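The block underneath contains the structure these notes are about, expressed in structure tokens.
The values are calculated or read from the model by the stated rules, or taken from the named source; none is laboratory data. Everything numeric in this text was worked out from a predicted model, so none of it was measured. Backbone-built Cβ (ideal geometry, glycine too); neighbour counts: all protein chains shown. These accessible areas exclude ligands, DNA and RNA; they are computed on the full protein's heavy atoms, side chains included. Shrake-Rupley method; radii C 1.70, N 1.55, O 1.52, S 1.80 Å.
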Amino acid sequence: MRVSFKQMIPQEFCLKCRGCCRFSRQDSVWQPHLLEEEKSEVAKIQIVPAPGGNDFICGNLSSGDNKCKIYANRPFECRFYPFLFDRKKKKVFLALDPNCAFVRENNKNLEFEEYTRSLIELVQNKGYLDILKNNPFLAQEYEGVKDLIELKV
Ligand code: SF4
């Protein structure tokens with residue numbers, strides 16, 4: 001079953017940005033990880049060398065028009081970004097990536113603050129905590145993220 005989650009960032013904003021879906025390493029922790037329930041529904045995510053560059057991109061990214069080829073069916077982690085689950089030793093936090101261009105432009109915006117507050121409530125629901133328990137690899141050690149709240153996983 002697909003985890004229901006509505007991304008706040010408009011698609012048009014992401015299409016103009018060349019930040020996401022690109023990685024400095026093939027084994028980057030920033031690459032999307034599929035939930036157990038997505039493994040039968042979403043094609044395996046492959047991180048491949050970027051055309052003409054030293055970096056890597058998600059194999060689902062069409063680098064010409066910057067579109068995700070599986071946008072309507074993209075994994076939960078792609079829809080959840082710029083929020084993510086950050087692991088620090090044995091603790092897990094809901095975190096925000098301040099390097100996301102949308103976050104940089106909107107983090108003082110009331111609507112974004114309200115959205116963040118509602119997400120903090122949402123992820124403390126049993127359903128979300130169960131997702132984390134069943135998919136422990138969702139929580140990675142991310143550098144430079146802002147931890148928002150510790151989760152009792
Ligand atoms: S699946 Fe789509 S949205 Fe997710 S990283 Fe790949 S190209 Fe980007």
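See the values below:
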read-out	value
Selection count where residues are in contact with a Leu (Cβ under 9 Å, 6 or more places away or on another chain) and within 9 Å of the ligand (Cβ to nearest atom), scope the stretch 31-47	2
Residue count for the stretch 7-23, restricted to those that are of a type outside the set (Asp, Glu), away from the ligand (no atom under 14 Å from the Cβ) and more than 15 Å from the chain's Cα centre (by Cα)	1
Test: residue in the stretch 31-42 that is open to solvent by 30 Å² or more (accessible area, probe 1.4 Å), under 17 Å from the mean Cα position of the chain (by Cα) and of a type in the set (Asp, Glu)	yes
Residue within the stretch 68-85 that is within 13 Å of the ligand (Cβ to nearest atom), in a loop (DSSP other than H, G, I, E, B) and on the phi > 0 side of the Ramachandran plot present	no
Residue in the stretch 48-57 that is more than 13 Å from the ligand (Cβ to nearest atom), modelled with pLDDT of 95 or more and under 15 Å from the mean Cα position of the chain (by Cα) present	no
